[in-house]
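A.B. asks: Sharing a structure here in structure tokens format.
The values are calculated or read from the model by the stated rules, or taken from the named source; none is laboratory data. Just so it is clear, the structure is predicted and the values come from calculations on it, not from any experiment. Don't worry about glycine lacking a Cβ; one is built from the backbone with ideal geometry, like all the others, and counts go over all protein chains shown.
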Amino acid sequence: MLGNGMIQGLLVTARNLLRSYFDPECLTTIQYPEERRTLPENSRCFPFLVYDGTPDNLRCVACKICEQECPPQCIYIEVERDAKTGKPVRRPRVFDIDYSVCMQCQICAEVCPFDAIKMDQIYELSGTDRFGGMLMNKGALLKSNEYYHQMHPTEANEVDARLSQSKKKASPPAAKPAAAPITLQSAPPPRPTPSAPPSPSVPPTPPVPPKSDV
Amino acid sequence: MYNFFDQLILTLGAWVVGLVVACGNGVSKFCCGQPLSEAAAHNVAAGTEIVLICVTIYGVFALCFGLATWLERKMLARIQNRYGPNRVGPFGLFQFVADGVKMLTKEDIVPARADKLVHFLAPAVVLAPALLMFAFLPFGRNMAPTNLDTAVIAFFAVGAGSEMALFMAGWGSRNKYSILGAMRAVAQMISYEIPLVLAAVPVVMVVGSLSTSQIVAAQGADGFLDMSRWFVWTPWGFAGFILFLVAATAESNRCPFDLPEGESELVAGFHVEYSGFKFALFFMAEYIGMMAMAGLGVTLFLGGWHGPKLLPSWMWFMGKGFLIVCWLIWLRGTLPRLRVDQLMAFAWKAMLPFALFNIFTTAVWFHLPKATLLQSAVAWLVTAALVAAAYWVVSRFVCRRAGALRVYHYAS
């Protein structure tokens, strides 16, 4: 009969119209500036530098591995030198990342043998200066380990466990094999196990599925 | 109490007229030392009345236009499980003010090779018929702006003026999309005007008058049972109402008949080259025309301003019109756009025969005896059977061919 399909379609739209008032499942829109989605734990944006305790106590030793590995070359590091002797000290004097160039690939965090550079979750950056506005210096990049824990708890616990392990061995952090963090970061175990020291021989488990976004 | 609210607008109008005449008397005394003569006072009162009617209609329906755009966006959004506008004012109610300000402050672009005069005139010419159509609708008890004997004919005649305006817009823009859209608009609106008028003919036949006031008066008083006298409850009235709704949708270029401005193929049809407030005028004309059509539908089939004495008569009229506007929005949220050949086939092969047969059904109804309740029931059933049979025939034989699959010669 002529009009059957039309009536069915009208019923579908009417059902959706009414359901959107009574069933919150139906309205998937989030009113962004007021409401926010909770980000999945593994979401990442730009890199930042981790410090323990005070900002002076940063983990970075200015080894320049990240600077070399960075595909778009947005990292610029200068090593600090002793004022008297002129010999290099194990800390950066200048550490700049141009966020406008960074492509958020996480390679810097993968290659860092000292767990000094990690990925942030700030996605609401904007600036009025086109050329220098997103150039972050050391001061802007430094963030505490607690902040890191808040953002990526699983990963941060793992990193802390690994660092305390290497301190127990009393070996210098530079001696740590660079391969270990790579394996661990690409395939983290599903639950945080701060007590059990993870090792490279752990078989790779599937990555943690992102939390549902509601 | 009821009468006070029912006649509230008229009372206010009379008060303003009295005020103006009093002011005129005062001015006259001040200038000439004597009050206005009786004839002059009468002229002042009549002039004020006309201005007041115009201002009220334009004001009310311009506001209704704004609210209708808001309602449309809100309803479409909810149909698509979104929120819709909700930033400006409570529930986004003042969105149309923000839109209006945006439109007003936009640059007015005229194509270099456009026909400047025609391009300039078209938006005004398209709005005029839409507003004029309200002159023939009785909005409430004693609230008909004009009391024309040929109001229904005048309504359609004035409404047809918008076709010329659309073609002016398309032609004046000197743009291939505009001209295609305008051609489509003219073809579509002329085609659908025939079923539109034929759908109104049964009402005119039964009432025996073309006056909208008399058509409303024929559809009963204000009791609950009197609602049964609305023409939509008779089989021919129901069929006519459906036909009228479909044709009115096409006449006001609304989805699913919005081919003249089909975005997917014609950018925006006849108003491609319009920006800023000229575009807003086209938009306004579409909505105001839609509301005028809804008003005529209410007048012809839904008993006009009649209704149980719970609400003032003008509220009944506006409420019923609001329901029809909601229906049009619902339809827009549901149906996809037709193809041009389907559109034409539907008008000429389905709606025209059905409308003609509906006139015959009305004649049968008119001549069947309806003195007793039993006779009325028999008449109702007979005409209902006739309408149902006609509908079945149309959907079985005519529409199947109209909706037949198109054979592609090169693309398949």
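A.B. asks: Could you tell me whether region B:26-45 includes any residue that is within 14 Å of another protein chain (Cβ to nearest Cβ) and either closer than 25 Å to B:Thr334 by Cβ or not polar (S, T, N, Q) (or both)?
C.D. replies: no
A.B. asks: Same structure, new question: Report, by residue number, each residue of region B:72-97 that is more than 14 Å from every other protein chain (Cβ to nearest Cβ) and in contact with a helix residue (DSSP H, G or I) (Cβ under 9 Å, 6 or more places away or on another chain).
C.D. replies: Result: B:Val88, B:Gly89, B:Leu93, B:Phe94, B:Gln95, B:Phe96, B:Val97.
A.B. asks: Given the structure, is B:Lys320 part of a helix (DSSP H, G or I), basic (Lys, Arg) and crowded, with 20+ Cβ neighbours inside 10 Å?
C.D. replies: So B:Lys320 fits the description; yes.
A.B. asks: Follow-up. Residues in region B:194-202: is at least one over 30 Å from B:Gly262 (Cβ atoms), out of contact with any Gly (no Cβ under 7 Å at 6 or more places or on another chain), part of a helix (DSSP H, G or I) and not polar (S, T, N, Q)?
C.D. replies: Taking every residue of region B:194-202 in turn, at least one turns out to be over 30 Å from B:Gly262 (Cβ atoms), out of contact with any Gly (no Cβ under 7 Å at 6 or more places or on another chain), part of a helix (DSSP H, G or I) and not polar (S, T, N, Q).
A.B. asks: Tell me the residue from B:Gly170, B:Gly159 that is touching a Ser or Thr at 6+ places or on another chain (Cβ under 6 Å), modelled with pLDDT under 90, closer than 20 Å to B:Glu261 by Cβ and not polar (S, T, N, Q), please.
C.D. replies: None of the others qualify; the one that does is B:Gly170.
A.B. asks: Any chance you could count how many residues in region A:105-123 are within 16 Å of A:Asn42 (Cβ to Cβ) and assigned to a loop (DSSP other than H, G, I, E, B)?
C.D. replies: Going through region A:105-123 one residue at a time, the tally reaches 6.
A.B. asks: Output the number of residues of region B:1-18 satisfying the condition of being aliphatic (A, V, I, L, M) and touching a residue at least 60 places away in the same chain (Cβ under 8 Å).
C.D. replies: 3
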